[in-house]
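Some notes on the structure that comes next.
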Amino acid sequence: MGKSIQYLCRPDAPAAGRIPFPIPNSTTLIDNAELLRNKPIYIGVGEKDQYNDEAREAREFFRRRGAKITFEEYKGIGHAPKEDSEILRKWLATNSASEESESANANEQ
């Protein structure tokens, strides 16, 4: 299982980081569905990316397990990030604030 997915499945991880495609051993996540519930996950994929179908499958995989999915398809792009993605910027701003809040709450206990 990739390091990003291991991080995502940790109970103390408020959000996922980068998830590579294809997802290695994604079926091993089935037993960890409760850890995915309400986790914010951003999936961005190029319209012409060779892993576009896998990204869509991952979206459904995580959605069925209760994760909060933000999916963005980059128009006209292959296997590359969209560096000026406003959707990703907003997702990071929202989930970074959530992570800091959860970390502060954990430190208070």
For region 90-102, pairs from a residue that is at negative phi and among the basic types (Lys, Arg) to a residue that is modelled with pLDDT of 80 or more and not in a helix (DSSP H, G or I), with Cβ under 9 Å and 6 or more apart or across chains, are Lys90/Thr70
Would you call Lys82 touching a Phe, Trp or Tyr at 6+ places or on another chain (Cβ under 6 Å) and of a type in the set (D, E, K, R)?
yes
Among Leu35, Leu29, which is among the aliphatic types (A, V, I, L, M), crowded, with 16+ Cβ neighbours inside 10 Å and at pLDDT 60 or above?
Leu35
Could you run through region 61-74 and say how many residues are assigned to a helix (DSSP H, G or I) and touching a strand residue (DSSP E or B) at 6+ places or on another chain (Cβ under 9 Å)?
2
Residue check: is Asp49 loosely packed, with under 12 Cβ neighbours inside 10 Å and either modelled with pLDDT under 80 or not polar (S, T, N, Q) (or both)?
no
Does region 50-58 include one or more residues that are part of a loop (DSSP other than H, G, I, E, B) and of a type in the set (S, T, N, Q)?
yes
Just the residues that are at pLDDT 90 or above and either farther than 16 Å from Ile41 by Cβ or of a type in the set (Lys, Arg) (or both), please, taken from region 90-109.
Lys90
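The values are calculated or read from the model by the stated rules, or taken from the named source; none is laboratory data. As the structure is a prediction and not an experimental result, all values here were calculated from the model. Cβ atoms come from the backbone with ideal geometry, glycine included; neighbour counts cover every protein chain shown.
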